[in-house]
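Asks: Sharing a structure, written as structure tokens. Questions coming.
Derivation of every value follows stated rules applied to the coordinates shown; laboratory data play no part. Here the structure is a predicted model, which is why all the values come from computation and not from measurement. Cβ sites come from the backbone with ideal geometry, for glycine too, and all protein chains shown count toward neighbours.
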Amino acid sequence: KEGQITQKSVVLIGFMGAGKTTIGEELANQTGRSFIDTDQEIEKYFGMPATEIFQSRGEEAFRQKEKEVIINYAEQQGYIISVGGGAFLQEEIKETCLSNSVVAFLDISWPSWKERLSLLIDTRPVLQGKTMDEIQQLFEERQKIYRSSHHIEVKTDDFSPEQTAENIIKQL
Ligand code: S3P
């Protein structure tokens, strides 16, 4: 399989909790490539979880490091990279990924996503203190960005991570 697919890195985008990390790991297994979770790299750099980075260093510091980490990997070949749901709000990240790598959008529906909210809330600073309506609005705004900036799109609702990874590989 690996011999036939693009040498470019594959960048997984989508809303928080869409499954970017799980599917990225699966994709790395299936292709034999190295997996990078850029949120984990950022957390390692600061030595604390994202919620604490937002609280003690501020969102700006998180976003600056996010830009450095993602651009570094997206410009190299052969990686499977999962990026944070807010990454493509930064134009420079979006453009670098679109022109150097294959961007795959993991499309989860709002009803499916809602079922995962309770698993996400403690570790996602962007969701904290928001009403359900505000979260849905954020979801819809973000989906618009992902929909207009990818090369490959996969629906995740009715598929296992393994099936979704296969579906991406077919499109590479
Ligand atoms: C964020 C998403 C998170 C993480 C940070 C900010 C966002 O990543 O980067 O909490 O702005 O959507 P996941 O999409 O992996 O949850």
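Asks: Once you charge only the Cβ atoms, +1 for Lys and Arg and -1 for Asp and Glu, what is the size of the charge dipole of the chain about its Cα centre, to the nearest 20 debye?
Replies: Magnitude of the dipole: close to 200 debye.
Asks: On to the next question. Taking +1 at the Cβ of each Lys and Arg and -1 at the Cβ of each Asp and Glu, which of I70, Q7, T123 sits farthest along the dipole of the chain towards its positive end, judged by Cα position relative to the Cα centre?
Replies: With unit charges placed on the Cβ atoms, the residue in question is Q7.
Asks: Oh, and also: Could you work out how much longer the chain between M48 and D122 gets when fully extended? Use 0.36 nm per residue separation minus the Cα distance between them, nm to one decimal.
Replies: Result: 25.2 nm gained on full extension.
Asks: Please give the Cα centre distance for the stretch 120-139 versus the stretch 1-60, rounded to the nearest Å.
Replies: 20 Å
Asks: For the stretch 48-81, run through the GluC sites (Glu not before Pro) and keep only the ones in DSSP coil with at most 16 other Cβ atoms within 10 Å of their Cβ.
Replies: Sparse-neighbourhood loop GluC sites (Glu not before Pro): E75.
Asks: Separate question: Suppose each label sits 7 Å from its Cα in the direction of the beta carbon; what would the T21-N72 distance come out to in nanometres?
Replies: Spacing of the two 7 Å Cα→Cβ label points: 1.9 nm.
Asks: Once you put a point 7 Å from the Cα of Q40 and another 7 Å from the Cα of A61, both along the Cβ direction, what distance in nm separates them?
Replies: Distance between the two pseudo-spin positions: 2.3 nm.
Asks: Still on this structure, please answer the following. Over the stretch 56-100, calculate the relative contact order: mean separation of alpha carbon pairs under 8 Å at least 6 apart, over the residue count, as a percent.
Replies: With pairs under 8 Å counted, the relative contact order is 41 percent.
Asks: Here's a follow-up. Under a cut-off of 13 Å between alpha-carbon atoms, report the aspartates and glutamates in cross-link reach of K170, not counting same-chain residues fewer than 8 places apart.
Replies: In chain and number order, the partners are E2, E153, E162.
Asks: Could you check the simple spin-label distance between K155 and S109, using points 7 Å along Cα→Cβ, in nm with one decimal?
Replies: 0.7 nm
Asks: Less than 17 Å apart at the alpha-carbon level, and either on another chain or at least 8 residues along: which lysines does that give for K65?
Replies: K44, K94
Asks: Still on this model: Calculate for the chain the 222 nm mean residue ellipticity that helices alone would give, adding -39,500 (n - 2.57) per DSSP H run of length 4 or more and normalising by residue count, nearest 500 deg cm²/dmol.
Replies: Helices in the chain give a 222 nm mean residue ellipticity of -15500 deg cm²/dmol.
Asks: In terms of the ratio Rg/(2.2 N^0.38 Å) built on C-alpha atoms, what value belongs to the chain?
Replies: That works out to 0.98 for the chain.
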